[in-house]
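First up is the structure itself, then whatever we jot down about it.
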Amino acid sequence: MAADGSGNIRELKNFIGGEFVASGNTFENTTPIDGTLLSHVHEATKEMVDNAVIAAQKAAKIWSKMPVEARCKVLYAVADGIDARSDEFIEAETLDTGKPRSLASHVDIPRGAANFRVFADLIKSVGTEAYQQDTPDGLGAINYSVRHPHGVVGVISPWNLPLLLSTWKIAPAMASGNAVILKPSEETPTTATLLAEVMKEAGMPDGAFSVVHGFGENSAGEFMTTHRGINAITFTGETTTGGAIMRAASHDVKALSFELGGKNPSIVFADADFDAAIEGTVRSVFANCGQVCLCSERVYVERPIFDKFVATLKEKAEDMKLGRPEDPDTQMGPLISHEHRDKVKGYYDLAKELGATVVTGGGIPEFGDERDNGAFVEPTIFTGLSEDSRVQKEEIFGPVCHITPFDTEEEAVSMANDTEYGLASTVWTTNLARAHRVAQGMEAGINWVNCWFLRDLRTPFGGMGLSGFGREGGQHALNFYSEQKNICIKL
Ligand code: NAD
């Protein structure tokens, strides 16, 4: 059955200059649920990326000069357009990724639409700096700054939260007056194509938003990062890809914003609300089959509650229902692809080789139906590994955690910070002073206390170290998507 449930295989074309364009060179998009073919995707050629840039440069002149109110009206219409076609978006996202429908319908799609409203609201109210300055003649000067869009922004996005993470960039970039060229992940091209349709219906000027499909190296991704007509690149994905993009974009020193991988710690103190900590850890380890950059892969539990915590989390993991997205009982879908499953399973095997205790999971489930052709993997918990093992150092990006006991706060903080990554952390405690102390001691960009994935979209979002640089969210995003120009007036 195809993406639209009709038995027809879709064709996903590039969206350039307001038109859907075929390249003739297609690649297959299959679902990780059971391997069924969903669509043929037209891989953009270099010439198509050139055309998208030319159209974007032309459109940027119109889009950036539109009154802010008028620009926001189009962005609100885009949000409404996603909402109006929400069922189609949810179905496309669940088939491309395999994630439960409940997740796509509560998080991915509504938050994808909300991004356009949030940044349209914000651009109408955001201010800039102004200073009065003394001068030797006593008359003074005034300095103020204004925002100036970059022009053309390239958005390169990953497969784990396709619409949500791409619109998290597209919306502030467009609200700031830039034209955008989106390259969605080759694994999840469908909602980007639907978004192009919504943009057209919403009255977006031709060329202000384009979608080019394809891969990284020697394909649409690299054509974008090396293109002199693209002024800024905003990227979410793996750290090694970030490095490749940085090198490619160095020729014309493009502005870069990178949201990269993580190896996030979660610290559970003995004084924590036990049930809340368990509930939160189940989410922070297994949500989206562990494929959220913010997921906890390293869990540190204070020794007095260690055995009880491990036993309870094991029970929860074993109760977890793996299944198809449309089944309302499904809590976990498959990984994104067989290739990614090989990687995750490789870490499961490595953990065993290194002598880990397999608390639960560690393998590939067998269903006895068509799901056996999918990319499912068991939710897994390990204990017993040393902190310097590869399993504790490298991002796995699957439904797995390792639990380590600790005796003192200092020890927990030191182990949690012993990583080259620095994206997110979670602390579970009812001790107020400790909550602040430990959260502030974490070397990570996003730190939660007694919660996980609770997001106020105005707050800074981004990583440290190998997790990237630059901050998204609220005004921080607007600061990246515009140059602030200073005007100095001598009085
Ligand atoms: P990926 O790096 O493999 O791919 C991301 C995108 O980059 C895709 O569109 C891909 O086609 C493109 N790409 C690959 N090579 C390229 C190249 N040489 N030039 C230009 N583009 C290229 O990442 P993924 O596997 O799609 O996503 C998973 C990763 O993303 C994980 O590491 C995860 O932690 C990270 N991630 C981070 C955040 C965050 O906010 N920090 C959020 C989500 C995911």
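The values are calculated or read from the model by the stated rules, or taken from the named source; none is laboratory data. It should be emphasised that the depicted structure is a prediction, and the values quoted were computed from it without experimental measurement. Counting neighbours? That spans all protein chains shown, and the Cβs are built from the backbone with ideal geometry, glycine included.
Does region 302-315 include one or more residues that are closer than 18 Å to ALA416 by Cα, in contact with an Asp or Glu (Cβ under 7 Å, 6 or more places away or on another chain) and not acidic (Asp, Glu)?
Checking region 302-315: at least one residue is closer than 18 Å to ALA416 by Cα, in contact with an Asp or Glu (Cβ under 7 Å, 6 or more places away or on another chain) and not acidic (Asp, Glu).
Condition test on THR419, is it within 16 Å of the ligand (Cβ to nearest atom), of a type in the set (S, T, N, Q) and crowded, with 17+ Cβ neighbours inside 10 Å? Lay out the reasoning, then the answer.
Values: within 16 Å of the ligand (Cβ to nearest atom): yes; of a type in the set (S, T, N, Q): yes; crowded, with 17+ Cβ neighbours inside 10 Å: yes.
So THR419 passes the test.
Does region 276-292 include one or more residues that are near the ligand (Cβ under 9 Å from one of its atoms) and not assigned by TED's automatic domain parsing to the domain that holds LEU478? Give the derivation first.
Going through region 276-292, the residues near the ligand (Cβ under 9 Å from one of its atoms) turn out to be 291-292.
Now drop any that are not not assigned by TED's automatic domain parsing to the domain that holds LEU478, which leaves 291-292.
The answer is yes; a qualifying residue exists.
For (1) within 16 Å of the ligand (Cβ to nearest atom); (2) closer than 22 Å to GLY177 by Cα, each residue gets a yes or a no:
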| position | (1), (2) |
| --- | --- |
| ALA232 | yes, yes |
| HIS251 | yes, no |
| GLY262 | yes, no |
| LEU294 | yes, no |
| VAL299 | no, no |
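Residues in region 322-348 that are in a helix (DSSP H, G or I) and closer than 13 Å to GLU378 by Cβ: how many?
In the first step, residues of region 322-348 are kept if they are in a helix (DSSP H, G or I); the result is 338-348.
Then keep just the ones that are closer than 13 Å to GLU378 by Cβ; that gives 341, 344-345, 347-348.
Total meeting the criteria: 5.
I need every pair where a residue in region 314-330 that is under 19 Å from GLY363 (Cβ atoms) has its Cβ under 8 Å from the Cβ of a residue that is aromatic (Phe, Trp, Tyr) and not in a loop (DSSP other than H, G, I, E, B), sequence separation at least 6 or different chains.
Note: pairs meeting the criteria are ALA317/PHE286; MET320/PHE286.
So which pairs qualify, if the first residue must be in region 64-85 and within 15 Å of PRO110 (Cα to Cα), the second must be among the charged types (D, E, K, R), the Cβ gap must be under 6 Å, and the two must be at least 6 apart or on different chains?
Once the first residue is within 15 Å of PRO110 (Cα to Cα) and sits in region 64-85, its partners that are among the charged types (D, E, K, R) give ALA79/ARG117; GLY81/GLU201.
I'm checking my understanding of the structure. Among residues of region 331-384 that are small (Gly, Ala, Ser) and in contact (Cβ under 8 Å) with a residue 60 or more places away in the chain, which one is surrounded by the fewest Cβ atoms within 10 Å (Cβ to Cβ)? Show your work before the answer.
Restricting attention to region 331-384, the residues satisfying the condition of being small (Gly, Ala, Ser) are 333, 337, 346, 351, 355-356, 361-363, 368, 374-375, 384.
Among the residues that remain, those that are also in contact (Cβ under 8 Å) with a residue 60 or more places away in the chain are: 333, 337, 374-375.
On the way: GLY333: 29, SER337: 19, GLY374: 26, ALA375: 25.
Filtering first and then ranking leaves SER337.
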